[in-house]
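All remarks here apply to the structure that follows.
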Amino acid sequence: MSQKVALITGVTGQDGAYLSEYLLKKGYIVHGIKRRSSLFNTDRIDHLYQDPHVEHRNFILHYGDLTDSMNLTRIIQEVQPDEIYNLAAMSHVAVSFETPEYVGNADGLGTLRILEAVRLLGLTEKTRIYQASTSELYGMVQEVPQSEKTPFYPRSPYAVAKLYAYWITVNYREAYKMHASNGILFNHESPIRGETFVTRKVTRALSRIALGMQDKVFMGNLSSKRDWGHAKDYVRAMYLILQQDQPDDYVIATGITTTIRDFIKKAAAEVGMEITFQGEGVDEKGYLTAVDEKVFSQKVGEQYLEGIKARITPSHALTSASSPLVAVDPAYFRPTEVDLLIGDPTKSNTVLGWKPEYDLDGLIKDMMQSDIKVMQKDAWLKEGGYRIMNYFE
């Protein structure tokens, strides 16, 4: 039996990297599409990279962009994929308000370009298509929890673009009998999540604070609730969706929701720091009120213990003059906010047989352990007099 061939757009992203790794272990030949950049942006897939001069490669990269239909059509024609996973998108919700036209072109019309290329090339019976949809489609939620039957109410240019992508996928499935499916994925995170996404922003900042490299972190709406899972679990669901005899749409979620505030507290606790929040709205702040010295020494380093203990303000002694670790900046509020997302994974559990292996605590542990190591390296370089990267949004 010949090897299956998969084509992944957005291969350098979090999901693209984990999915590539997963499919390669299953014996696939994986082709990935990446955008040209003047900087190397392949960190997440460097361990999979194979030199073009190597014979019988099973991981092959192509330059491409969802805004270029001729380019996409050429790549699909050359690759003749059995499966296409469309993971590429400008996926930062807040930034989509600043770049709405580009987001509509890439995230919305980009999906159409892939579907139309498969149709025009006569691959509708050969090629199965996975479209990465998003829980942001639900926006101003019409019911709790959200299932495949919940009406959509998008609240950002990103979500509106993804709404078009969702329905054009359904339309091509019905009009041309294509095996095209939507995975409505709720928030999924990992140690390789983009640095400006809220969970990774939190774990990176807390790691730097623990190591004495950062004073505080500014957040947006601390009361927003999200359904967070691990990206490793979610790429398994993508694969399972394309293995079904019939195409369909599936919610992929944990069914558990957590506020950003509680995520911060859990992430801090992972390295022995207790954060207590006081105040409301833009005046809310998070203070370091205790440190588990044994946990902190084991996970961060005993040499950083005295520095973090100097930041402690006991709960009973908190005043307006106390120095917070977490503060709110209204600049991070969205013009239209999505306050509550929680998915109903019943269909994916029963039809796909999918269940997440990571819970929220396991996800946070994975992310904090990774970011502590990353930031320890920076701390050592800084102590040695070397220049380190700045992390600005």
> Non-local amide H neighbours of Met219 (under 5 Å, H modeled in plane, Pro and chain starts lacking H): which ones?
Replying inline: Ala327, Val328, Asp329
> Tell me, what is the FRET efficiency for Trp380 and Ser2 to the nearest 0.05, using R0 = 56 angstrom and their Cβ-Cβ distance as r?
Replying inline: 0.70
> So between Lys373 and Gln80, what do we pick up on full extension, going 0.36 nm a residue minus the alpha carbon distance?
Replying inline: 101.4 nm
> Rounded to the nearest 0.05, what FRET efficiency do His47 and His92 have when you use their Cβ-Cβ distance and R0 = 30 Å?
Replying inline: 0.75
> Leaving out ligands, DNA and RNA but keeping every protein chain, what accessible area does Tyr102 have, in Å² rounded to the nearest 10, with a 1.4 Å probe?
Replying inline: 90
>> As an exercise, use a Förster radius of 56 Å and the Cβ-Cβ distance of Phe40 and Ala317 to find the FRET efficiency, rounded to the nearest 0.05.
In response: 0.70
> Which whole-number percent gives the relative contact order of the chain, counting Cα pairs below 8 Å spaced six or more residues apart?
Replying inline: 16
> What's the extension gain from Asp359 to Glu274 if we count 0.36 nm per residue and subtract their Cα-Cα distance?
Replying inline: 28.5 nm
>> Tell me the carbon and sulfur percent of the accessible area for the chain, rounded to whole percent, probe radius 1.4 Å.
In response: 51
>> Can you order the peptides 331-343, 5-17, 228-240 by their average number of other Cβ atoms within 10 Å per residue, highest first?
In response: 5-17, 228-240, 331-343
>> Before I look further, what does the range 314-366 give for accessible area per residue, probe 1.4 Å, in whole square angstrom?
In response: 52
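May I ask you to rank His188, His53 by accessible area, largest first, using a 1.4 Å probe over the protein chains only? Could the numbers behind the result be given before it?
Working: His188 25, His53 165 Å².
Listed by decreasing accessible area, they come as His53, His188.
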> For the range 263-318, which GluC sites (Glu not before Pro) are in a loop by DSSP, counting at most 13 other Cβ atoms within 10 Å?
Replying inline: Glu280
> Amide H of Arg128: which non-local residues (sequence gap of 5 or more, or other chain) have their own amide H closer than 5 Å, using H built in the peptide plane?
Replying inline: Glu83, Ile84
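Give, as a single signed number, the net charge of other residues whose beta carbon lies under 13 Å from the beta carbon of Ile45, with Lys and Arg counted +1 and Asp and Glu -1.
-2
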>> Sort 106-116, 139-149 by the packing proxy (mean of other Cβ within 10 Å over each peptide's residues), most packed first.
In response: 106-116, 139-149
>> Taking just the alpha carbons, could you work out the radius of gyration and Dmax for the chain, both in angstroms?
In response: 22.1, 71
> Which far-off residues, 5 or more places away or on another chain, put their amide H under 5 Å from the one on Gly32, with H placed in the peptide plane?
Replying inline: Ile8, Ile60, Leu61, His62
>> Taking 19 Å as the cut-off for C-alpha to C-alpha distance, list the pairs among Lys126/Lys177; Lys26/Lys232; Lys266/Lys382; Lys149/Lys232; Lys201/Lys373 that go past it.
In response: Lys266/Lys382; Lys149/Lys232
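The values are calculated or read from the model by the stated rules, or taken from the named source; none is laboratory data. Just so we're clear, the structure is a prediction, and the values are computed from it rather than from any experiment. Every residue, glycine as well, gets a Cβ built from its backbone with ideal geometry; the counts of neighbours run over all protein chains shown. Heavy atoms of the whole protein, side chains included, go into the accessibility calculation; ligands, DNA and RNA do not. Shrake-Rupley method; radii C 1.70, N 1.55, O 1.52, S 1.80 Å.
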